[in-house]
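Nothing in this text is a laboratory measurement; each read-out follows from the coordinates by a stated rule. In this text the structure is predicted, and so the values were computed from the model without any measurement. Virtual Cβ from ideal backbone geometry, glycine too; neighbours counted across all protein chains shown.
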Amino acid sequence: MPEMKASDLFVKALEAEGVEYIFAVPGEENLDMVESLRTSSIKLILTRHEQGAAFMAATYGRLSGKAGVCMATLGPGATNFATPAAYAHLGAFPLIIITGQKPIKKSKQGQFQIIDVVGLFDPICKMSKQIVHGNTIPALVREAFRLAEEERPGAVLLELPEDIAAEETDAPIIPPHERFYAVADDAVLDKAADMIRSARMPLVLIGAGANRKHARHALSEFINSTQIPFFVTQMGKGVVDERSELFLGTAALSDGDYLHCAIERADLIINIGHDVVEKPPFFMEENGKQVVHVNYKSAQVDQVYFPQVEVIGDLAASIDRLKDKLGGKVDFDRAYFDRIKTEVELHISEGADDNRFPVIPQRFVSDTRKVMKDCDIIALDNGIYKIWYARNYKAHQPNTVLLDNALATMGAGLPSAMMAAMLNPDRRVMAICGDGGFMMNSQELETAVRLGLNLVVTVLNDSSYGMIRWKQSHAGFDDWGLEFNNPDFVQYANSYGATGHRVTATEDLIPTFEKAFSAGGVHLIDLPVDYSENQRVLIDELAQKVCLI
C-alpha cells in the first residue's frame, strides 16, 4: 500500500471489517480520526454522552452479530465508556471501543488528563491495547474484531495516541475471513440423547446465547419434534415463539415463582445457550437434577451449575443433530407441566384489564403487547418493571425484547431503543424506562430527533428509584431516601423537538401509543404508575404459593 496517515489506515481497516457507523463524542486527541472518517464510507454519529454512544454501539453488536464501534477521547471521555464496556462484557455484545491519548513519543502537557486507560479497561474487555506504531494497526484491528465477535462475544479497547494517528505508514490491510464453529462429537450427542430418553420429566431452558446466534429455526423444530416443554431466561425471550402450547414461562425471578414448581419437579434440564451471568433459574446443588449443557463453549462451573454432559459446538448444528438422534417425540409424562402452564397463565393474566390509575404493571404490560406486532421491538431500561415485562410480555420473535439481565445497568434503555430503530425503520420500536433510568441518558432524545428516528419512549413515572424502594420495604427498612422530583416530561420532550404526551386515564394508554406510532418521529409518553402490586403479587402471593401435587 502507498504511505498514508495512520488514522487513514485505521479507518480503512474498519471499512474492511464492514463498519457502518461510529458512535462518538470526539475530543482533540481524536481529530485525525475524525478527519479520516470525513472522506470514508463510515457514518460518524455524534451522541450527547459517551455512554449513549457505547450503548448504541453495543446494541448494534447485539442485533447484528457484528461488532459495533464507539469512540471518545482520553481521560474523562474514556472513563465514561467503563459502564457500557462492562455492559457488553457481561451481556456478550460485540463492541469495539476506540479512545484517544496524548502523544506517547514526547510529552507536551505532563500528566494532564492522563490515566492508565488500557489498564482500567483490561478486566472488563477481552483485549485492551495501546497502539504504539502505525504499522501494527491492521493486525490489531483484525484481532480486535475477531475477539469481539467470536464466542463468547464482548468488548475490546484500542487506544490510539494522537502522535501515532498522525504518523505515516504503508502497512497492508488484513482482510477478515469467514469463521466456522466445530460440530459436537457423535459420542457426546449420543450420551445427551440417552439422558433425554431416560428422563421422566425433561425441560428445555433457552438462554441468551441462543438469542444472539439465530438458532430460532433449529430450536423451534427441536421443541416441536420432541414435544418437550420449554422455559426461558430473561435474555432468552423470543427465540421460540412464546405463544407455543409448550412454553411454560420466563424465569424472571431467581426462585419461588409459579414456574419454579415445574423446574423443581424436572429431573433433567436441557440448557441451551444459557450463560451464568444471568441469575440462575435453577439450583443444582439443592435437588441434584441432571443437566445437559448445549452451547458454543464449555460450562463455567460454579456452586449452582455443574452439568453432567456438555454438547459443545455450533449451536444450531448441535440442536439439529440432537433432534435427529432422538427421532421424534420423547416419551415422558407431560401432565404436570401442562397444569403448571395453566397455573402460570392464570396468574400472568390477572390485572391485565384493571382500570386503576395510576396504571398498575399488569395493565401497562398488557397494553404494550396489544399495540406491538410480532416483529416489533421493546427496549427496557432497568427497574422493577423489567420483572413484570419478563413475566407477562410474551415475545414472538428473537431480539424483540431487549433487556439487560447481566450488568443490569440503568441508562441503557433509550440508546438501545435508538439503535434498534435505526436498524429496523419498518418496525415499531418502544423504549420503556423508569423515570430514574431515563434521566441518566435522557439527553439522547436530541440525538434521536437529529437522526430522524421513529421511536416511542414510555417513561414510567413514580418519582422514585422504585426497584430499590421495593427492596427496602421487603427488607424491613423504613421508606426513606429514595424519592425525587421529575421535570415536566412533556415540556422536556418538546424542548428537544420530540413530542410529549401525558396519560391521565388508564383507558387512554393504548390510544396514546397508537397516536404516537402513527404520527412518526420521536414521542415521549409520561405514564404515572402504581407499584403497590409489587408487594402483593411478587412477595405476598408467592410467599403463600403451594406447588401443585
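For the chain, what is the largest minus smallest coordinate of the Cα atoms on each principal axis, given in angstrom and ordered from greatest to least?
So the extents along the principal axes, rounded to whole Å, are 75, 62, 44.
State the extension gain, in nm to one decimal, for the chain segment bounded by Asp116 and Val301, taking 0.36 nm per residue of separation less the distance between their alpha-carbons.
Here the answer is 63.4 nm.
Between Asp333 and Ser41, what FRET efficiency comes out of the Förster formula 1/(1 + (r/R0)^6) with R0 = 41 Å and r the beta carbon distance, rounded to 0.05?
0.10
Past the 19 Å Cα-Cα mark, which pairs from Lys43/Lys66; Lys66/Lys126; Lys191/Lys213; Lys289/Lys471?
Values: Lys43/Lys66 16 Å; Lys66/Lys126 15 Å; Lys191/Lys213 24 Å; Lys289/Lys471 31 Å.
Among Lys43/Lys66; Lys66/Lys126; Lys191/Lys213; Lys289/Lys471, the Cα-Cα distance tops 19 Å for Lys191/Lys213; Lys289/Lys471.
Taking the alpha-carbon distance from Lys370 and a cut-off under 23 Å, which lysines remain once sequence neighbours fewer than 8 residues away in the same chain are dropped?
Candidates past the 8-residue exclusion: Lys237, Lys341, Lys386, Lys394, Lys515.
With charges set only on the Cβ (+1 for Lys and Arg, -1 for Asp and Glu), what does the dipole of the chain come to about its Cα centre, in debye to the nearest 20?
Working: 53 positive and 74 negative charges, 114 e Å.
That gives the chain a dipole magnitude of about 540 debye.
Against the longest alpha carbon principal axis of the chain, how many degrees, from 0 to 90 and to the nearest 10, is the axis of helix 361-371 turned?
Computed tilt is about 70 degrees.
What are the residues whose amide H is under 5 Å from the amide H of His49, where those residues sit 5 or more places off or on another chain and H is modelled from the backbone?
HN-HN under 5 Å from His49: empty list.
So, counting K/R as plus one and D/E as minus one, what does the shell of residues with Cβ under 14 Å around Gln544 add up to?
Details: positive: Arg536, Lys545; negative: Asp257, Glu343, Asp540, Glu541.
Within the 14 Å Cβ shell, the charges total -2.
Can you list the aspartates and glutamates whose alpha carbon sits under 16 Å from that of Lys12, skipping same-chain ones fewer than 8 residues off?
Glu3, Glu20, Asp32, Glu35, Glu143, Glu167, Glu168, Asp170
Using the 4.7 Å Cβ rule, please list in number order the cysteines from the chain without any candidate partner.
Isolated Cys, the chain: Cys70, Cys125, Cys375, Cys433.
Of His474, His89, His177, how do they rank once you tally other Cβ atoms within 10 Å and put the fewest first? Intermediate values should be presented prior to the final figure.
Values: His474 12, His89 24, His177 7.
Ranking His474, His89, His177 by Cβ neighbours within 10 Å, fewest first, gives His177, His474, His89.
Could you tell me how many degrees, from 0 to 90 and to the nearest 10, lie between the Cα long axis of helix 509-519 and the main elongation axis, the longest principal axis, of the Cα atoms of the chain?
Taking the Cα atoms of the chain, the angle to 509-519 is about 40 degrees.
Using only the alpha carbons of segment 4-169, what is the convex hull's orientation-averaged projected area in square nanometres?
Values: hull surface 32.6 nm².
With the hull built on Cα positions only, its mean projection is 8.2 nm².
Loop-only check: which GluC sites (Glu not before Pro) in segment 327-404 are DSSP coil with at most 14 other Cβ within 10 angstrom? Each step should come with its number before you reach the end.
Numbers: sites: Glu343, Glu345, Glu350; in loops: Glu350.
When the GluC sites (Glu not before Pro) of segment 327-404 are filtered for loop state and at most 14 Cβ neighbours within 10 Å, Glu350 remain.
Quick one: give the max-minus-min coordinate of the C-alpha atoms of segment 186-342 along each principal axis, largest first, in Å.
37, 32, 28
How much mean residue ellipticity at 222 nm does the chain get from its helices, if each DSSP H run of length 4 or more adds -39500 (n - 2.57) and you divide by all residues, to the nearest 500 deg cm²/dmol? Write down the numbers at each step before the final one.
Details: 23 runs with 209 residues, N = 549.
One gets -11000 deg cm²/dmol as the mean residue ellipticity at 222 nm.
Write down Rg/Rh for segment 351-539, rounded to two decimals, with Rg from the C-alpha atoms and Rh from the Kirkwood relation over Cα pairs. Intermediate values should be presented prior to the final figure.
Numbers: Rg = 15.5 Å, Rh = 16.5 Å.
Computed over Cα atoms, the ratio is 0.94.
How compact is segment 198-270 by the rule of thumb for globular proteins, expressed as Cα Rg over 2.2 N^0.38 Å?
Details: Rg = 11.6 Å, N = 73, 2.2 N^0.38 = 11.2 Å.
Segment 198-270 yields a ratio of 1.03.
By the scheme Lys and Arg +1, Asp and Glu -1, what is the net charge of all other residues having a beta-carbon under 14 Å from that of Ile42? Intermediate values should be presented prior to the final figure.
On the way: positive: Lys12, Arg38, Lys43, Lys66; negative: Asp8, Glu15, Glu17, Glu20, Glu35.
With Lys, Arg at +1 and Asp, Glu at -1, the net is -1.
How big is the antiparallel share of DSSP beta bridges in the chain, given as a percent to the nearest 5?
On the way: 4 of 70 bridges.
Antiparallel: roughly 5 percent of the beta bridges in the chain.
Output the antiparallel fraction of DSSP beta bridges having both residues in segment 4-169, as a percent to the nearest 5.
Details: 2 of 25 bridges.
Here the share of antiparallel DSSP bridges comes out near 10 percent.
Hey, how many Å between the Cα centroid of segment 390-453 and the Cα centroid of segment 85-160?
26
If we count every other residue with Cβ under 10 angstrom of Gly497's Cβ, Lys/Arg +1 and Asp/Glu -1, where does the sum land? Numbers along the way, then the final one.
Numbers: positive: Arg450; negative: Glu446.
Neighbour charge sum, excluding Gly497 itself: 0.
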